[in-house]
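Reading through the structure tokens given below for one structure.
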Amino acid sequence: MSRKSPPLRLTLVLMSALLSACQMSAPDTEILRAADTPGAPPGADPEACYARHVTPAIIETVTEHVMVQPPQIDSSGAVAYPAVYRTETRQEIVRERKELWFETLCREDWTPEFIASVQRALQVRGYFQGAVNGKMDHATRRAIRAYQLEQGVNSEVLSIAAARQLGLKEVPREE
């Protein structure tokens, strides 16, 4: 009895579904209200919303040959016994894990109108080339990340500071 392989189209559909399940979740799942978040930044306003961006550590496997016994050289300068080495392998942290918390707009502020304003502001500055549609799509998230990288924030979630720089969020007055 021979087993038939699934049709190519079905295989591609299943692979696509599996890959999409592995993709990053939408950025709004990263937005947390300080009062509801156990690890919120110290001194955070409980009613403010924050985003957390974690850059994982980079760990490298290093292999070295360590001399256990040096070579023995006789009086004529010839090597009587060669050096003896052993191989050591260890893990080294190349870049430490970083956790960045920053204030952002709360979920209820992310209306289609606000998202369209973000898209237009980023489009004027050359970061967004997509259609202004009021949807938080891949192109919008990519443009937000590109804009914020210049401020040292590597995230698809718009920070309050970036929203203020774009002219989309009021700047508190000093009294």
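Annotations for the structure displayed:
- Taking θ as phi - 60° and the Karplus parameters 6.51, -1.76 and 1.60, the scalar couplings of the stretch 80-93 work out to 7, 9, x, 5, 10, 10, 10, 9, 10, 10, 8, 9, 10, 7 Hz in sequence order, x denoting glycine and proline.
- Length added when fully stretched, T55-A83, from 0.36 nm per residue minus Cα-Cα: 5.8 nm
- Amide H within-cut-off set for G134, under 5 Å, with H built and near neighbours excluded: A116
- With a simple spin-label model that places each label point 7 Å from the Cα along the Cα-to-Cβ direction, the separation between V94 and R107 comes to 3.7 nm.
- Environment charge of A44, counting only residues whose C-beta is closer than 15 Å and scoring Lys/Arg +1, Asp/Glu -1: -3
- For the residues Y81, Y127, a 1.4 Å probe over the protein chains yields an accessible-area ranking, largest first, of Y81, Y127.
- The stretch 40-151 - percent relative contact order, Cα under 8 Å, separation 6 or more: 25 percent
- Fraction of accessible area attributable to carbon and sulfur, the stretch 60-145 (%, probe 1.4 Å): 52 percent
- Rounded, prolate or oblate (a/c below 1.5 giving rounded, otherwise prolate when a/b exceeds b/c) for the stretch 94-175 by Cα gyration tensor: oblate
The values are calculated or read from the model by the stated rules, or taken from the named source; none is laboratory data. Keep in mind that what you see is a predicted model, and the values were worked out from it rather than measured. So basically every Cβ, Gly included, is an ideal-geometry build from the backbone, and we count neighbours across all protein chains shown. Accessible surface is based on the protein model in full, side chains and every heavy atom, while ligands, DNA and RNA are left aside. Shrake-Rupley method; radii C 1.70, N 1.55, O 1.52, S 1.80 Å.
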